[in-house]
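Presented below is the structure to which this report refers.
The values are calculated or read from the model by the stated rules, or taken from the named source; none is laboratory data. Note that the structure is a prediction, hence the values are computed from the model and not measured. Backbone-built Cβ (ideal geometry, glycine too); neighbour counts: all protein chains shown.
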Amino acid sequence: MPSIAEAISRFKGPLFDHGVIRLMSMPNRNRLSQDPPVKSGGEGWLVNGAQRLLVQFKPDTPSTQEQWVSLRTYAWDPPHPPEPQSRRRMLRHAAIEAWETMLKTGWRRCSPPVH
């Protein structure tokens, strides 16, 4: 019978990664009310259920003078996958202002859609 360490090292699933055990959380009925964890690298997603839209904020290639953020808007009609609608670049400070304004006007943070 293999040891626990051997079994862990052979299993490459969502619970184990390179010998590190990842704990699965219990289902949470209030999941929608909790914000998803902040991703490193500055990427974030907002959803507006009433407008059926998703927006991705993602750092873009910086220029020598400014930092840019790419905003991608998707139409979303669950259970269908999101469909790209538009793409634009904004300066970082403008993107932060847009994010904060969107949160104040009914948008909610969400996890990225599953491909």
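Quick notes on this one:
- Only one of the numbered conditions (1) crowded, with 16+ Cβ neighbours inside 10 Å; (2) more than 15 Å from Trp45 (Cα to Cα) is not met by Val69, and that is (2).
- Some residue of the stretch 1-10 being of a type in the set (D, E, K, R), closer than 30 Å to Gly106 by Cα and modelled with pLDDT under 95: no
- Inter-residue pairs, beta-carbon under 9 Å, first assigned to a loop (DSSP other than H, G, I, E, B) and in the stretch 102-115, second among the aliphatic types (A, V, I, L, M), 6+ apart: Gly106/Ala50; Trp107/Leu46; Trp107/Val47; Trp107/Leu53; Trp107/Val55; Pro112/Leu54; Pro113/Leu54
- Given (1) touching a helix residue (DSSP H, G or I) at 6+ places or on another chain (Cβ under 6 Å); (2) without any contact (Cβ under 8 Å) to a residue 24 or more places away in the chain, index of the condition Leu46 fails: (2)
- Under the condition of being surrounded by fewer than 12 Cβ atoms within 10 Å (Cβ to Cβ) and part of a strand (DSSP E or B), the residues counted in the stretch 85-101 number 3.
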